[in-house]
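To start, the structure itself, in structure tokens.
Computed from the coordinates by the stated procedures, all read-outs in this text should not be read as laboratory data. Quantities reported herein were computed from a predicted structural model and do not represent experimental measurements. Positions of Cβ are generated from backbone atoms using ideal geometry, with glycine treated the same way; all protein chains shown enter the neighbour counts.
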Amino acid sequence: MLMHSFVLDALDTTGADTFSHFEVLIDEHRKMTDQYLDDISQNNKSTFVPSRLKQLVPQVGTFYTRLPLRKAFEAYNLKYGITKRRHI
């Protein structure tokens with residue numbers, strides 16, 4: 001599910017894609033958590049269905065804001081050249 005490549009020539013695209021995938025998982029987790037909390041506050045009977053992120057990392061908490069991880073990685077990479085390194 002979270003497969004990525006450590007091939008140095010491919011890191012430029014796969015690194016950003018990995019962070020995009022993390023964003024999707026976090027956004028899904030936030031949506032499902034908000035939905036569950038809304039159901040509880042309205043006294044609706046709702047069964048908790050864990051998100052894919054919660055299944056992968058059971059101790060994950062609540063994310064209150066969206067995390068632009070891909071954008072952050074690209075900015076950091078532009079400044080420090082992570083994907084251009086030959087020795088990691």
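Kindly count the pairs of lysines across the stretch 20-88 whose alpha carbons are less than 26 Å apart, treating pairs on different chains or eight or more residues apart as eligible. Taking the Cα cut-off of 26 Å, the pair count is 7. Most tightly packed first, judged by the mean number of other beta-carbon atoms within 10 Å of their residues, the peptides 52-61, 68-77 read 68-77, 52-61.
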